[in-house]
1. Roughly speaking, what is the centre-to-centre gap between segment A:476-530 and segment A:592-607 when only Cα atoms are used, to the nearest Å?
2. Between segment A:173-238 and segment A:304-375, what is the separation of their alpha carbon centroids in Å?
3. Report P(r) for segment A:356-400: all Cα-Cα distances, bin width 10 Å, range 0 to the bin holding the largest distance, values in whole percent.
4. With unit charges on the beta carbon (Lys/Arg positive, Asp/Glu negative), name the residue among A:Ile569, A:Gly485, A:Asn410 whose Cα is farthest towards the positive pole of the charge dipole of chain A.
5. Calculate one ³J(HN,Hα) per residue across segment A:417-427 by plugging θ = phi - 60° into the Karplus curve 6.51 cos²θ - 1.76 cosθ + 1.60, and present them in order as whole Hz with x for glycine and proline.
6. Work out from phi, with θ = phi - 60° and the Karplus expression 6.51 cos²θ - 1.76 cosθ + 1.60, the ³J(HN,Hα) of each residue of segment A:258-265, listed in order in whole Hz, and give x for Gly and Pro.
7. So which cysteines in chain A don't have a second cysteine's C-beta under 4.7 Å from them?
8. With every atom except the alpha carbons ignored, what do you get for Rg and Dmax of segment A:512-609, in angstroms?
Amino acid sequence: MVLSENDNTIPILTFSVIIRIEKLRLMATSIILHNQGGHPIMRTTEMLIPTLREVPAEAEVVSHKLLLRAGFIRKAASGVYTYLPLAQRVLRKIKNIVREEMDKQGGQELLMPIIQPAEMWLESGRWHVYGPELFRLKDRHNRDFCLGPTHEEVITLLMRGEVRSYKQMPQLLYQIQNKFRDERRPRFGLMRGREFIMKDLYSFDRDEAALDVSYKKMHEAYTNVFNRCGLQFRPVEADSGAIGGSSTHEFMVLAESGEAAILYCTKCDYAANVEKATSQPAAGLDPTTQQLALKEVSTPGQKSADQVAAFLSMATGQIIKTMIYQTDKEIVAALVRGDRDVNEIKLQNVLGALTLELAGDAAIQQATGAVAGYVGPVGLKNIRMVADPEVMAMANAVAGANKAEAHFANVNPNRDFKPELVEDIRLVRAGEPCPKCQAELQEAKGIEVGQIFKLGTKYSETLGATFLDENGKEKPIVMGCYGIGVSRTMAAAIEQNNDENGIIWPAAIAPFHAVVIPVSAKDENQVKLAGKLYQELNQTGVETVLDDRTERPGVKFKDADLIGYPLRIVVGGKAIEEGVVEVHQRRTGKTELIPVAQVVEQINKLLPTL
RNA sequence: CGGGGCGUGGCGCAGUUUGGUAGCGCGCUGCGUUCGGGACGCAGAGGCCGCAGGUUCGAAUCCUGUCGCCCCGACCA
């Protein structure tokens, strides 16, 4: 019999099963307490908490190491993990916080299939677009299916069938579901897996204004979720990428191990993914600058902007860097200042290209007549040029001459070349001025734990999900989608909350609030008192584990630190002789001696502050 | 997908160069001593050396193929 995790009811099967279950329940309520939907609180001698002394060789980042060592996860395949009981408890807490915040904004939970028929994806066009990241499979009749990496198709088709009128909206529907992506390179344990747990909510609105309302609700909900999870995070503006859509924010947990680079303002609230980040546009061309005559200079062996600048004794910022890119439809030249880099995502968006990569030597030669390093905009023909606005503000600059070993000096935009497009295509770096307030931008690494997204009518149009407005006019539903990586959030929490001894769980998502440790398993008085405290704490709602193993105290302390219980209650000799127990806070290391009679009350007071 | 590395008891590793039938630490089992930060002693259990071929009297070791895993890069709702 398999019970789903959210199912608190027990299906009635046979009489004997019922009897057994009832017996267990009676036993459980008499000795052990229940919480969280029927989970009995347990003693470590009865629990599966396989801690490891040594770090498995496969782990690189701290969350992965600690999840393995502390007995939270085990690998089934690359990027695929079993969540052991401790992890499952953490996941349930995160999910419950998510549920509460979604429901608070009017979200309704549903559950969609993991297995999705190819037809849905053919209809949206993504069956062929999605590529090898989509886990595909066939049934016995050779029909195509996939494991859902996301659920826009399923939900949009559902709503196409159910929504007829503007009166039926808005709708905010969400699920918490396992998702599948056949990542090229799964890595960092739970951070980038091939199977992962995600909350996804989809909003359905009658128009953009209503979508804005839904979007704001989700922004608020996400802020609440990550605050409640005890995470340090930042919502950042992001590139809308392949899904399309107009506006999107990512919620980034700040951590060194993060895979995303973000830029944020030190003064105002501006923050953006580096893919999207902009900075204060450079000052316009100084009209008093005299434009000098174009001249060719010999620059043997000087290819990079730095080399050329050094060779000619000028600043790298005076060089025009020309990069040749190959897209799915054309070859283009991208111009940025020598001390800048091209932001390929911005460039791709500007060009409306599906793919973009640096052109090879042969393509560069063919398009420009020069080799990489000596390419420049002057005299470049039959190839589109995209210039960053900064380039247009340069005067008497240096650029490649489109022939070997030579550059032009005194190059002036508009006079010597005229790009087809002038767009922001540069990669912003720390130190540049904020686009909003001009204060200095800083750079940080982040783990993307959530993203909210205005989809608009992209899916409703292709899938024909329409409704009638108050004028009886048929319109496509305006959609948004909003994801939270639940399993990734667990990993991110550890990245942000750990020390050399192990995990330091924020109390709101800790698998248990406290552990009670009798110092000596042989001392009956200690064991009895520890058991009593354990029961009383649980009765007052403090989720407590009793470490009743006959291990030496050091072993139990080490495990407690590793697992990261926010509170540790040690019942030792003093408890019996002086009537005090030791309450230790994992995060601060603070230890207090508290009279036995007050412990339960004190801990109940302490817990909400952790 | 490109580059690099690794598969040897549950975990961490040595042994591979120079073929001779597998070893160390941790963990595990039993007994004893210990008992406030991963104890000690004694006695044990546990491995077709990723898999499949091949070379050889003999393969963890050499050759071929294959599978898996990790790291860097590219990529990424």
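1. Going from one Cα centre to the other spans 20 Å.
2. Measuring centre to centre over Cα atoms gives 35 Å.
3. Answer for segment A:356-400: a P(r) of 23, 54, 23, 0 percent.
4. A:Ile569
5. 7, 9, x, 5, 10, 10, 9, 5, 10, 9, 7
6. With the stated coefficients, segment A:258-265 comes to x, 8, 9, 9, 10, 10, 9, 7 Hz.
7. Singleton cysteines: A:Cys146, A:Cys229, A:Cys481.
8. For segment A:512-609, the Cα-based Rg and Dmax read 11.9, 34 Å.
The values are calculated or read from the model by the stated rules, or taken from the named source; none is laboratory data. On a predicted model such as this, the values are computed, not experimentally measured, just so you know. Neighbour counts are summed over all protein chains in view; Cβ atoms, including those assigned to glycine, are modelled from backbone coordinates with ideal geometry. Protein only, heavy atoms only, side chains kept; ligands, DNA and RNA dropped before computing areas. Shrake-Rupley method; radii C 1.70, N 1.55, O 1.52, S 1.80 Å.
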